[in-house]
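Let me begin by presenting the structure, written as structure tokens, before commenting on it.
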Amino acid sequence: MSFSSSCCNGAEMYSCQELDYCDLDFPDVDLNVSITPTPESTLKAGLDVHTRKQYVCAKKKAFALFVKELQSTSALPQTGLDGFINWKCCGLEFKDLRIIHKHVAAQHATEVLQKTAKILEELGTASTTSLPCTDDNTDASTEMSWSSHNISDWLPDMSCYKTEELTSEPGEVLLYYCYCDVGDPKWILGWQRTLCDLLHLTGKIRIASEGINGTVGGSKVSTKIYIDTMLAHPLFKQMCFEDFKRSDGGAFCFPDLRVGIFHEIVPMGVDPQKVSYKETALHLAPEDFHKRVEQYLSASQEETDTILLDCRNFYESKIGQFQNCLAPDIRKFSYFPNYVDQNLDIFKDKTVLMYCTGGIRCERGSAYLRSKAVCKEVYQLKGGIHKYLEQFPDGFFRGKLFVFDGRFTISSNDDIISTCRYCGTAWDKYNLCSTPRCCQLVLTCLKCHNGGLTACCPTCQQKGLQPQTDLCQQYKEECECTEKRPRIPIEKV
């Protein structure tokens, strides 16, 4: 984004009383919250006590000018008249003045400071003061600034929205994650709970010192506000609108809202300090991943040096996967590291193309695989299957995409690659095992289900026929499904 070298006419003389504000809107956010030395505080320190008030006025002027340059006007609905004001910045559109103020304060502090310095130069009060460069403390001071604020300071203005807009159907479900260093997870937890309650969103959000991972559902108005609010927060400055995977759904897809603090934002069972997301593989955009898979499928499977690796669990890969992929028969992602350890020969000197639902499991999964130093190259699908299907609904991924909410699956094509547990007919709609507390998913077609075959295996089916003498009795996942399946399968080389 480029800006003019001079904010205002150079002939104008600025003073604290004489600054022409030109009907500009000033932010109601605190622009002086950092307590560690920053370029801003250094610039201010270079001014004598008599000109610091002038500095404050110049800074407000610079901020307001910056915001005004982002302003655009659209026609009012049904009238054709101009007057609907919004702001466009960083590829995003903002309709709330408070949100664009927070976005500029969080993302464009350097540009605002440059404008401030220019105004002060024209005043003749900072001509001998050079603009310092940002240092390594910038991110730390930024986090100290937002976490020292009340949660309400980072909530959207909802005065112009009606409850009906926030609860209307049809809605959508958002799937997203952001790996970043979170110094105050408790603050983020309180903020997320308050924000989701305000927007009538349900879902699940995991927060850790390594970032945030969420899937939330609600009206399309609520999810749009949620995205805008997230992007306006300085902690998530590396995110963009495309990082939020969207699909049809709503608040009804989840029983409630669950927000918690965890050691990992996706449970791999490995200390994030030992295997960090920062060591992840190279990300391939969906179109690049598609080309790589096309090359892999066109080559001889006996001679290829590429492995197409599905790092999801067997529930997911059973009903939908890329053609000719390696899909480990693991029940949890926390089994993935051991799976890699016990099958290193499979990956030796291979180029690995990894994928998962939305990309998050590949972040640290690929980092773990790379830490073994056996692969030639490791790549991962950016945005996961979710983003791939947006561009290639009839591509190389066949079947249904499993999702962890009440919908169970998302359809992109009519292929059914799985079968009924009992009769073998084509079927891909999951139900929970009917045996209390089993918690396993079962593929049982309508005919078998109506015939009473509703459990995941004969063992659970027999348990379900026994009279319940103790309502509190728990059937753990100790049945034919788990007894016969090895926890960590070993592949044949």
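The values are calculated or read from the model by the stated rules, or taken from the named source; none is laboratory data. Keep in mind it's a predicted model, so treat the numbers as computed, not measured. Please note: Cβ atoms are built from the backbone with ideal geometry, for glycine as well, and neighbour counts cover all protein chains shown. For accessibility, only protein heavy atoms count, side chains too; no ligands or nucleic acids. Shrake-Rupley method; radii C 1.70, N 1.55, O 1.52, S 1.80 Å.
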Item to check | Computed over the stretch 254-352: relative contact order in percent, which uses C-alpha pairs under 8 Å that are six or more apart | outcome: 27 percent
Checklist entry - How large is ³J(HN,Hα), in whole Hz, for each residue of the stretch 228-240 in order, when computed from phi with the Karplus curve 6.51 cos²θ - 1.76 cosθ + 1.60 and θ = phi - 60°, using x for Gly and Pro? => result 4, 5, 4, 5, 7, 7, x, 5, 10, 5, 7, 7, 9
Next on the checklist: Using amide H atoms built in the peptide plane, which far-off residues or other-chain residues are under 5 Å from SER247 H to H?
Outcome noted: VAL173
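In the structure displayed, which of LYS60/LYS278; LYS186/LYS318; LYS237/LYS274; LYS186/LYS429; LYS245/LYS376; LYS332/LYS372 lie more than 28 Å apart, Cα to Cα?
LYS60/LYS278; LYS186/LYS318; LYS186/LYS429; LYS245/LYS376
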Next on the checklist: Which one, GLN380, ASN413, GLN342, is farthest towards the positive end of the dipole of the stretch 328-428 when Lys and Arg carry +1 and Asp and Glu -1 on their Cβ?
Outcome noted: GLN342
Next on the checklist: Give me, ordered by chain and number, the residues 5 or more places off THR409 or on other chains with an amide H under 5 Å from its own placed amide H.
Outcome noted: VAL403
Item to check | Accessible area of LEU309 in the full protein assembly, 1.4 Å probe (Å², nearest 10) | outcome: 0 Å²
Next on the checklist: What figure, in Å² to the nearest 10, do you get for the accessible area of ARG98 with a 1.4 Å probe and non-protein molecules left out?
Outcome noted: 60 Å²
Checklist entry - Just how far, in whole angstrom, is the stretch 293-320 from the stretch 331-394 if you go by their alpha carbon centroids? => result 11 Å
Next on the checklist: Over the stretch 158-248, what portion of Cα pair distances is larger than 15 Å, expressed as a whole percent?
Outcome noted: 57 percent
Checklist entry - Once phi is turned into ³J(HN,Hα) by the Karplus curve 6.51 cos²θ - 1.76 cosθ + 1.60 with θ = phi - 60°, what whole-Hz value does each residue of the stretch 306-313 show in order, with x for glycine and proline? => result 10, 10, 9, 9, 8, 9, 8, 8
Next on the checklist: Can you tell me how the stretch 348-417 classifies by the Cα gyration tensor, rounded, prolate or oblate, using a/c under 1.5 as the rounded cut?
Outcome noted: prolate
Checklist entry - To the nearest 10 Å², what's LEU65's accessible area with a 1.4 Å probe? => result 20 Å²
Next on the checklist: If amide hydrogens are placed 1.01 Å from N in the peptide plane, which non-local residues have theirs closer than 5 Å to the one on GLY211?
Outcome noted: CYS180, VAL182
Checklist entry - Each residue of the stretch 104-116 in turn: what ³J(HN,Hα) in whole Hz from Karplus with 6.51, -1.76, 1.60 and θ = phi - 60°, glycine and Pro shown as x? => result 5, 4, 7, 9, 10, 4, 5, 5, 5, 5, 5, 5, 4
